[in-house]
Amino acid sequence: MVSVGTVWDRAVDFVRDHLGAVMPVLLVTQFAAPAISGSLAGVRADATGGTAVGLGLLSVATTILSLWGALYLVGFAAQPTGREDRYAAMRIAKNRFLPLIGISIVVLVVLGILALPGILRAVASGIDLAAIANGSTMQPSELGRLGSALLYFLAFAIFILWLSARLLPINAVVAMERRGLGAFGRAFALTRGMTWKLIGLILLYAIVAGIAVSAAQFVFGAVAALIFGDSGGLSVAAIGGAVAVAAVSAVLALYQSAFIGKLYRAVIGEQDDMAVFA
């Protein structure tokens, strides 16, 4: 049985030993790209026409770049311990990126389909969902009318948590093995017997990440707003908050990717005929 604590120790060792090697990709894909996208969030919300399309395309581009960077980091960490090579990681990220995009699209489509019944139930309740999305307060009577939809989404959230645990190493599987849709079954096989441990780890990570990101947003964004004012759009406060959040998120992404890579390596062992190194 793989020890989550041991995997975490190996992930920390990987970050310490290879921080200089991963830093260029980390800064560009996990820090700069999200910082740019986050800084433009206010502008994007108010944009119309061609500007809105351009900003939307920029957001998609930064997301794709971040996804490529995450694949690079996972591919770096998933190599045999003591033989991690950044050039091999670059080849892995280059060769396996399109399969990762395909896997991601499949996941989004499936989750969208599964969420559809809850959305339809919410729409059928007759509640003005657009007003609620814009900040309108929901009345207790309206909450009751959403009962079945809320129950569905609660069950859906539990399912996503379980699925996230079972598919946790899927990026490493895509990186290190020549698989398409078969990556789903392989990820399920790798996490067999570890579901509850991984669910606990995901919940802990979510709590730590939420606190860290919220603190960064509050400290830097709020302080910048007090000093420079917050006029909305591309303001100093918006940029400061986005940069702070991106910095914290980049650190979290580095350790997350390192853990996923080392989890994969711990489960399959240092040698495995099904793995494709470099």
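Numbers below:
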read-out	value
Relative contact order, percent, the chain [alpha-carbon distance under 8 Å, six or more residues apart]	35 percent
The chain - mean residue ellipticity at 222 nm from DSSP helices (-39,500 (n - 2.57) per run, n ≥ 4, rounded to 500)	-25000 deg cm²/dmol
Label assignment, semi-axes √(5λ) of the Cα gyration tensor in Å derived from the structure, set (1) 41, 30, 13; (2) 34, 26, 18; (3) 50, 35, 14	(2)
Segment 1-120 - percent of accessible surface contributed by carbon and sulfur, probe 1.4 Å	72 percent
Relative contact order (percent, whole number), segment 25-115, Cα cutoff 8 Å, 6+ residue spacing	26 percent
Degrees between helix 49-77 axis and first principal axis of the chain (Cα, 0 to 90, nearest 10)	30 degrees
Sorted peptide list for 71-77, 191-197, 160-166, criterion being average Cβ within 10 angstrom, highest first	71-77, 160-166, 191-197
Average accessible surface area per residue within the chain, 1.4 Å rolling probe, Å²	52 Å²
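The values are calculated or read from the model by the stated rules, or taken from the named source; none is laboratory data. Nothing here was measured: the structure is a model prediction, and the numbers come from that model. Every residue, glycine as well, gets a Cβ built from its backbone with ideal geometry; the counts of neighbours run over all protein chains shown. For the accessible areas, the whole protein counts, side chains as well, though only heavy atoms, and no ligand, DNA or RNA atoms are used. Shrake-Rupley method; radii C 1.70, N 1.55, O 1.52, S 1.80 Å.
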